[in-house]
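Each value in this text was obtained by applying a stated rule to the coordinates, not by laboratory testing. Model, not experiment: these values are computed from the prediction. Positions of Cβ are backbone-derived with ideal geometry, glycine not excepted, and every protein chain shown enters the neighbour counts.
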Amino acid sequence: ILLKGLIDWVRIHPTLEVISLSVMEENIAAVSLYKSLGFEVTGRDPFGVKHSPSQYFTELTMSLRPKG
């Protein structure tokens with residue numbers, strides 16, 4: 001998996017500390033995958049992605065500290 005390669009790459013680079021990403025909360029499969037790799041929810045924006053004039057999707061920020 002590409003994301004595992006990124007995590008390994010960050011581990012060996014001394015100046016890199018955190019990997020952050022954004023995902024829609026409704027994308028349960030992706031959120032589950034990121035959590036299984038050690039990512040934690042570090043932010044939540046209920047108006048993150050506008051879908052229609054009256055509907056928004058919640059955007060999560062997830063972060064991982066591979067060395068921590």
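Each principal axis of the Cα cloud of the stretch 4-68 was evaluated for its coordinate range; sorted largest first, these ranges are 45, 22, 16 Å.
Computing FRET efficiency as 1/(1 + (r/R0)^6) for L37 and F57, where r is the C-beta to C-beta distance and R0 is 30 Å, gives about 0.85.
Projecting the Cα atoms of V10, F47, A30 onto the charge dipole of the stretch 4-68, computed from C-beta unit charges around the Cα centre, puts V10 farthest toward the positive end. Close amide H contacts of E25 (hydrogens built in the peptide plane, cut-off under 5 Å, sequence separation of 5 or more or a different chain): T58, E59, L60.
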